[in-house]
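The values are calculated or read from the model by the stated rules, or taken from the named source; none is laboratory data. Since the structure is predicted, the reported quantities are computational estimates derived from the model, not experimental observations. Cβ placement follows ideal geometry from the backbone for every residue including glycine, while neighbour counts extend to all protein chains displayed.
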Protein chains: 2
Amino acid sequence: MRLKNDLLIRAAKGELTERTPVWLMRQAGRILPEYRNVRSKLSGFKELVKTPELAAEVTMQPVNLLGVDAAIIFSDILVIPEAMGLSYEMVEKKGPYFPKTIKSKADIKSLHKVEDGELNYVYEAIRLVKRELNGSAPLIGFAGAPWTILCYMIEGGGSKTFSNARKFLIQEPKLAHTVLNMITESTIKYLHQQVLAGADLIQIFDSWAGILPLNQYRKFSMSYIEKISKSIANAPVTVFAKGAYFALKEMNNLSCNTIGLDWNMDINESRTLLKSKTLQGNLDPSILYGDQKYIKMETKKMLKQFKGHPHIANLGHGVYPDTNPDHVKIFIETVKAFSA
Amino acid sequence: MRLKNDLLIRAAKGELTERTPVWLMRQAGRILPEYRNVRSKLSGFKELVKTPELAAEVTMQPVNLLGVDAAIIFSDILVIPEAMGLSYEMVEKKGPYFPKTIKSKADIKSLHKVEDGELNYVYEAIRLVKRELNGSAPLIGFAGAPWTILCYMIEGGGSKTFSNARKFLIQEPKLAHTVLNMITESTIKYLHQQVLAGADLIQIFDSWAGILPLNQYRKFSMSYIEKISKSIANAPVTVFAKGAYFALKEMNNLSCNTIGLDWNMDINESRTLLKSKTLQGNLDPSILYGDQKYIKMETKKMLKQFKGHPHIANLGHGVYPDTNPDHVKIFIETVKAFSA
């Protein structure tokens with residue numbers, strides 16, 4: 001299936017496109033009443049993730065309702081630890097919770113690598129979306145970076161300090177690498193299957209990148225991201241490492257096409273540090289709380305700063321849940337009109 | 001009262017001291033069994049904060065038990081919003097919780113500036129500690145930066161995204177400045193009283209600095225920190241803005257003596273950007289989870305990087321609650337021996 005709108009893919013490959021492609025992290029979900037409508041009929045978040053028809057439906061919503069230049073498959077980065085043997089619950093308004101966590105070598109023995117045949121519900125959802133899209137926009141597949149997944153497996157949820165995960169790296173570095181390798185191999189298999197099912201681009205989310213110092217980030221995160229990036233030959237790869245400003249310079253050497261910037265990362269500096277990468281981002285998501293004039297002004301300001309560098313417009317983090325969808329549209333339309 | 005150990009004060013004033021002074025953020029509290037013993041007899045955290053004799057007792061513990069070069073008064077940054085009219089609860093293992101938060105102009109009308117006569121329990125605790133210290137070490141007083149306090153007043157506690165506080169800045173910038181001004185004036189009064197009571201140095205904690213982009217950080221945080229710093233004439237001032245790597249360059253212009261670095265801030269770069277400031281920090285707190293050899297090695301590595309620049313040794317964040325006090329001692333003793 002040839003893509004009729006391949007702006008995202010061309011920009012990811014380093015092309016200065018005729019206009020800037022635009023999509024939003026977390027676009028499939030919570031901000032749309034149409035999403036909440038689908039969601040309200042279900043037992044919970046996980047039912048939605050595991051029902052391909054419904055996951056496909058909510059994946060399509062932002063394409064049809066907001067006019068973004070890409071779909072991103074509705075799923076969760078935590079399907080990987082779950083498939084490895086650590087089940088999670090999604091607690092309403094609180095986030096994910098793992099009843100069992102990793103504390104010692106014994107806990108690791110019960111884990112297994114993800115095999116073919118697992119996570120088929122994700123691949124099925126991808127196939128359904130591809131059929132539905134019919135080439136009108138590319139579909140983004142994704143996974144969590146191994147370090148971020150490890151954090152959840154150790155902490156059992158979010159954390160203020162991630163001190164348990166940080167302690168694990170210091171006290172059990174070998175075990176940490178064992179689990180990180182298992183996650184990495186599972187993720188590679190998972191992403192290959194996503195590409196086979198039809199994903200046109202892969203994004204790796206390293207949500208907790210910012211809590212490690214550079215030397216640990218290299219060893220415990222970037223090296224695994226590199227393994228994954230290198231293994232994906234048939235689709236461009238984007239890496240979004242939130243808060244990892246200290247690693248941007250070295251990220252220029254990753255085998256990926258695009259680096260996502262959060263809203264605190266300086267665009268000019270990033271252009272210099274990441275000369276060989278397409279850049280994605282990085283409007284502050286709180287700007288969408290402003291009025292039309294403000295959103296337009298700030299969006300234009302951002303676009304100007306990226307001008308002349310391969311760019312995929314996005315927010316600098318996931319769209320906040322209580323953002324007005326009309327404001328998201330203003331952002332999208334401004335990118336389309338102003339970057340042309 | 002002349003200080004017998006004034007290393008901290010001289011280092012803060014820019015002196016290259018005969019050895020590096022050392023203390024730890026969060027040293028008064030949770031890591032010491034002696035603290036937990038005092039705490040276990042009380043109804044809660046706030047009883048400890050509001051009972052000068054007990055606050056003084058736990059303030060003295062790390063000086064006597066760990067050998068740090070400074071005491072820091074046991075208290076909480078949230079005594080300011082409480083005195084302004086928003087009471088908080090400290091929920092065990094969860095953190096602070098404000099039953100009432102700020103949402104609109106009406107909520108602000110019920111707030112008032114902190115007046116003389118309020119927060120006397122803090123000043124009384126300071127006087128008791130000063131008597132107890134008898135000049136053996138300086139005493140640090142502190143307050144939260146107005147932006148961090150505003151975050152708590154709006155969010156009602158910690159948050160993953162602080163999207164309510166961020167929305168408030170965008171949608172109600174005037175109201176935000178009104179409250180920030182009230183917090184600032186209250187904090188100035190509060191810190192002046194702390195210095196009058198005997199505090200030898202003042203630290204301002206901007207825990208949520210890292211969630212703002214630079215232009216907002218300037219307007220909504222740094223300008224208020226500057227007002228406070230400028231107003232304190234009789235004690236050196238330290239500013240610790242966690243995550244504000246993007247503002248370090250401009251922080252060189254603040255009217256404070258010392259800038260605290262978190263563990264992700266590059267020491268060499270910070271030395272260049274903050275030429276006219278003493279630097280405080282910045283050992284990664286997770287290093288104290290390591291063994292004796294590792295802690296010594298990493299502490300020496302840090303000290304070497306600061307060599308030749310006025311320096312106060314500390315961690316790059318508060319000590320993690322489950323840190324072994326013996327490991328803290330190794331850190332402190334290594335600083336003392338190796339920097340001499």
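The residue pairs whose first member lies in the range A:320-335 and is in contact (Cβ under 8 Å) with a residue 12 or more places away in the chain and crowded, with 21+ Cβ neighbours inside 10 Å, whose second member is part of a helix (DSSP H, G or I) and basic (Lys, Arg), and whose beta carbons are closer than 6 Å, counting only pairs six or more residues apart or on different chains, are A:334/A:296. Across the range A:1-24, the number of residues qualifying as in contact with a helix residue (DSSP H, G or I) (Cβ under 6 Å, 6 or more places away or on another chain) and either aliphatic (A, V, I, L, M) or over 18 Å from residue A:299 (Cα atoms) (or both) comes to 1.
Screening the candidates B:187, B:178 for the property of being out of contact with any Phe, Trp or Tyr (no Cβ under 8 Å at 6 or more places or on another chain) and more than 21 Å from residue B:244 (Cβ to Cβ) yields one hit, B:178.
Just one of (1) assigned to a helix (DSSP H, G or I); (2) within 29 Å of residue A:94 (Cα to Cα); (3) more than 9 Å from chain B (Cβ to nearest Cβ) fails for residue A:195. It is (2). The set of residues in the range B:169-212 being without any contact (Cβ under 8 Å) to a residue 60 or more places away in the chain and under 15 Å from residue B:230 (Cα atoms) consists of B:181, B:184, B:188, B:191, B:192, B:195.
Residues checked against (1) part of a helix (DSSP H, G or I); (2) of a type in the set (A, V, I, L, M):
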residue	(1), (2)
B:249	yes, no
B:253	no, no
B:259	no, yes
B:264	no, no
B:268	yes, no
B:272	yes, no
B:275	no, no
B:279	no, yes
B:282	no, no
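What number goes with the only condition from (1) of a type outside the set (S, T, N, Q); (2) closer than 26 Å to residue B:214 by Cα; (3) surrounded by 23 or more Cβ atoms within 10 Å (Cβ to Cβ) that residue A:243 does not pass? Result: residue A:243 fails condition (3) only.
What number of residues within the range A:284-313 satisfy the criterion of being assigned to a loop (DSSP other than H, G, I, E, B) and within 24 Å of residue B:173 (Cβ to Cβ)? Before you say what the answer is, go through the steps one by one.
Filtering the range A:284-313 down to residues assigned to a loop (DSSP other than H, G, I, E, B) leaves A:284, A:290-291, A:307-310.
If we keep only those that are within 24 Å of residue B:173 (Cβ to Cβ) as well, we get A:284, A:290-291.
Number satisfying all stated conditions: 3.
Of the listed requirements (1) within 11 Å of chain B (Cβ to nearest Cβ); (2) more than 28 Å from residue A:124 (Cβ to Cβ); (3) in contact with a Lys or Arg (Cβ under 8 Å, 6 or more places away or on another chain), residue A:207 misses just one: (2). Of the residues making up the range B:220-241, just one is without any contact (Cβ under 8 Å) to a residue 24 or more places away in the chain and either in a helix (DSSP H, G or I) or more than 20 Å from residue B:141 (Cα to Cα) (or both), namely B:223.
The set of residues in the range A:148-170 that are out of contact with any strand residue (DSSP E or B) (no Cβ under 8 Å at 6 or more places or on another chain) and not hydrophobic (A, V, I, L, M, F, W, C) comprises A:155, A:159, A:161, A:163, A:164, A:166, A:167. Taken over the range B:11-31, the criterion of being out of contact with any strand residue (DSSP E or B) (no Cβ under 8 Å at 6 or more places or on another chain), buried (at least 18 other Cβ atoms within 10 Å of the Cβ), at pLDDT 95 or above and closer than 25 Å to residue B:206 by Cα is satisfied by B:31 alone. Against the conditions (1) of a type outside the set (Lys, Arg); (2) farther than 24 Å from residue A:209 by Cα; (3) touching a residue at least 24 places away in the same chain (Cβ under 8 Å); (4) within 12 Å of chain A (Cβ to nearest Cβ), residue B:267 satisfies every one except (2). The set of residues in the range B:109-160 that are among the polar types (S, T, N, Q) and free of Cβ contacts under 8 Å to residues at least 24 places away in the same chain comprises B:120, B:159. Screening the candidates B:277, B:304 for the property of being touching a Cys at 6+ places or on another chain (Cβ under 9 Å), more than 22 Å from residue B:31 (Cβ to Cβ) and among the charged types (D, E, K, R) yields one hit, B:277. Screening A:314, A:324, A:282 for residues that are closer than 24 Å to residue A:30 by Cα and out of contact with any helix residue (DSSP H, G or I) (no Cβ under 8 Å at 6 or more places or on another chain) leaves exactly one candidate, A:314. Quick check, is residue A:26 within 14 Å of another protein chain (Cβ to nearest Cβ), of a type outside the set (A, V, I, L, M, F, W, C) and under 22 Å from residue A:146 (Cβ atoms)? Spelling it out, residue A:26 is indeed within 14 Å of another protein chain (Cβ to nearest Cβ), of a type outside the set (A, V, I, L, M, F, W, C) and under 22 Å from residue A:146 (Cβ atoms). The residues on offer are A:155, A:132, A:92, and the sole one that is acidic (Asp, Glu) and under 21 Å from residue A:184 (Cβ atoms) is A:155. Considered as a group, the residues in the range A:281-340 that are more than 13 Å from every other protein chain (Cβ to nearest Cβ) and charged (D, E, K, R) include one that is nearest to the chain's Cα centre (by Cα), and that residue is A:329.
Could you list, in sequence order, the residues of the range A:246-261 that are touching an Asp or Glu at 6+ places or on another chain (Cβ under 9 Å) and either under 29 Å from residue A:286 (Cβ atoms) or crowded, with 23+ Cβ neighbours inside 10 Å (or both)?
A:246, A:248, A:254, A:256
Only a single criterion out of (1) more than 28 Å from residue B:80 (Cα to Cα); (2) among the polar types (S, T, N, Q); (3) within 13 Å of chain A (Cβ to nearest Cβ) is not satisfied by residue B:216, namely (1). Taking (1) at pLDDT 95 or above; (2) within 14 Å of another protein chain (Cβ to nearest Cβ); (3) more than 18 Å from the chain's Cα centre (by Cα) in turn, residue A:160 satisfies each apart from (1).
Please tell me if residue A:44 is touching a Leu at 6+ places or on another chain (Cβ under 7 Å), surrounded by fewer than 21 Cβ atoms within 10 Å (Cβ to Cβ) and either β-branched (Val, Ile, Thr) or closer than 26 Å to residue A:158 by Cβ (or both). Can you show your working first?
Numbers: touching a Leu at 6+ places or on another chain (Cβ under 7 Å): no; surrounded by fewer than 21 Cβ atoms within 10 Å (Cβ to Cβ): yes; either β-branched (Val, Ile, Thr) or closer than 26 Å to residue A:158 by Cβ (or both): yes.
So residue A:44 fails the test.
Which one is nearest to the other protein chains (Cβ to nearest Cβ) among residues in the range B:130-145 that are over 22 Å from residue A:161 (Cα atoms) and within 18 Å of the chain's Cα centre (by Cα)?
Going residue by residue through the range B:130-145, those that are over 22 Å from residue A:161 (Cα atoms) are B:130-141.
So of that shortlist, the ones also within 18 Å of the chain's Cα centre (by Cα) come out as B:137-141.
Values: B:137: 27, B:138: 28, B:139: 26, B:140: 22, B:141: 24 Å.
Here the answer is B:140.
Inspect the range A:278-289 for any residue being surrounded by fewer than 19 Cβ atoms within 10 Å (Cβ to Cβ), over 23 Å from residue B:264 (Cα atoms), of a type in the set (S, T, N, Q) and without any contact (Cβ under 8 Å) to a residue 60 or more places away in the chain and give the result as yes or no. For the range A:278-289, residues surrounded by fewer than 19 Cβ atoms within 10 Å (Cβ to Cβ), over 23 Å from residue B:264 (Cα atoms), of a type in the set (S, T, N, Q) and without any contact (Cβ under 8 Å) to a residue 60 or more places away in the chain: absent. Those helices (runs of 4 or more DSSP H) of the range A:65-133 in which 3 or more residues are modelled with pLDDT of 95 or more, crowded, with 17+ Cβ neighbours inside 10 Å and on the phi < 0 side of the Ramachandran plot occupy A:79-84, A:120-133. Every test in (1) within 14 Å of chain A (Cβ to nearest Cβ); (2) more than 30 Å from residue A:216 (Cα to Cα) is passed by residue B:202 save one, and that test is (1).
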